[in-house]
Structures are given as C-alpha cells and as structure tokens.
Amino acid sequence: MAAGCGTRRAAGTALMAALAVAVTGCSDGNSPSGQASKAASAASSLASRASGTVASATAEARRKLDQVKGGVDAKKDVSVGKVTTGKGNVPTAEVSAKNTTGEKKSFTVQVNFRDAKGDLQDTVIVNIDDVAAGATGRATARSHRELSGDIRADVGAALRH
C-alpha cells in the first residue's frame, strides 16, 4: 500500500537525524552542528508522528470496512471530486456513489488524501446511506487533520450494502 512510502520516508528522516547526532558528537547544542542536530531531531519526531497518524487512520478505516456485513465491492460506482481546503487547512472532498442496483442501498467509502507525490497523508471513512435504486448519493469526506500543499483525494475502497 502507499502508506509504506511515507513509512520509508519517516525511517529515512530518522536515519538522517541519527547520523546528524553521530556526526556532531558531543556538541554543546549552541554551535551550528548542535543546532542542525536539534533541527534534524525535531524533523524526525514530526515525521514519526505523521507516519503514526496515517497508520492509525488507515487501521481505523480498515476496521470500519471490515464491520460492514454483506458488502459488495462498488469502487467503480464511486467517485471523489476536487479537494477544497476550508477552515483550518482541513481538506474536504465530495464523494458520489451511484446505486446501480434495483433496490435502495448504502455505501461505505474509504477516501484517501494524498500529496502531490502520491504519498498517503490521511484516510477517512464516509457513509452514504439509503441511496434509492438508480440514484446517486453524496457525502463530504473531511480529513482528520490539517494538510498543506497540493492535496488530492481518491477512493481507496467502496462497499455497497
């Protein structure tokens, strides 16, 4: 899954921080090398927390999808619109689900928010309930947290039930 790229990046950042500490040796913290060490450590900590947040959101999304009884793959019937950023830099995107069956159905959709490089930044679950036969239901996917830069959304999984 794409989450591995972010995990590798966080591990790489942690490695760089460790190297910075090793290279600076016993710096007093006020020298340029000491400041670089502190900055690398802070970056590593931030990357680690972000990676953990994404992993937690992904696990929670998987858990919610696994709870759906009698769900049928409906990814081809679901789309995500353009991402907009509202209050507090929290991205949102409209999710549309077309019910191609002959009876009322509901949808559980995993929406992935990715950066311009395609790295997973967050994932959320959206429920679209009681969509009439042949109709399209809509809901808004909202990230759990602030994200910056060019954020895009895609359908990670969709179940019709």
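What nm distance separates the two modelled labels at ALA133 and LYS75, each placed 7 Å from Cα along Cα→Cβ?
About 2.8 nm separates the two model spin labels.
From the phi of every residue in region 140-156, what ³J(HN,Hα) in whole Hz does the Karplus formula 6.51 cos²θ - 1.76 cosθ + 1.60 yield, where θ is phi - 60° and glycine or proline is x?
Using θ = phi - 60°, the values come out as 10, 8, 10, 4, 6, 8, 5, 9, 10, x, 7, 9, 10, 10, 9, 7, x Hz.
Quick one: if you stick a label point 7 Å off each Cα along the C-beta vector at ASP115 and ARG142, how many nm between them?
With each label point 7 Å from Cα toward Cβ, the separation is 2.5 nm.
Give the residue from VAL83, GLY137, THR101 lying farthest towards the positive end of the charge dipole for region 68-161; charges sit on Cβ (+1 for Lys and Arg, -1 for Asp and Glu) and the dipole is referred to the Cα centre.
Of the candidates, THR101 comes out farthest on the positive side.
Taking θ as phi - 60°, what are the ³J(HN,Hα) couplings along region 127-134 by the Karplus curve (6.51, -1.76, 1.60), each to the nearest whole Hz, with x for Gly and Pro?
Running phi through 6.51 cos²θ - 1.76 cosθ + 1.60 with θ = phi - 60° gives 9, 10, 9, 6, 7, 5, 3, x Hz.
What are the lysines whose alpha-carbon lies under 24 Å from the alpha-carbon of LYS98, with same-chain residues fewer than 8 places away excluded?
Those lysines meeting the cut-off are LYS64, LYS69, LYS75, LYS76, LYS82.
Between THR84 and HIS161, what FRET efficiency follows from the Cβ-Cβ distance if R0 is 22 Å, with the result rounded to 0.05?
Calculated transfer efficiency: 0.20.
Which peptide among 62-75, 99-112, 126-139, 145-158 comes first, and what is the full order, when sorted by highest mean count of other Cβ atoms within 10 Å? Can you show the working numbers first?
Values: 62-75: 13.1, 99-112: 19.1, 126-139: 14.9, 145-158: 17.1.
Descending mean neighbour count gives 99-112, 145-158, 126-139, 62-75.
Every number in this text was worked out from the coordinates using simple rules, so none of it is lab data. Since the model is a prediction, treat every value here as computed from it, not as a measurement. So basically every Cβ, Gly included, is an ideal-geometry build from the backbone, and we count neighbours across all protein chains shown.
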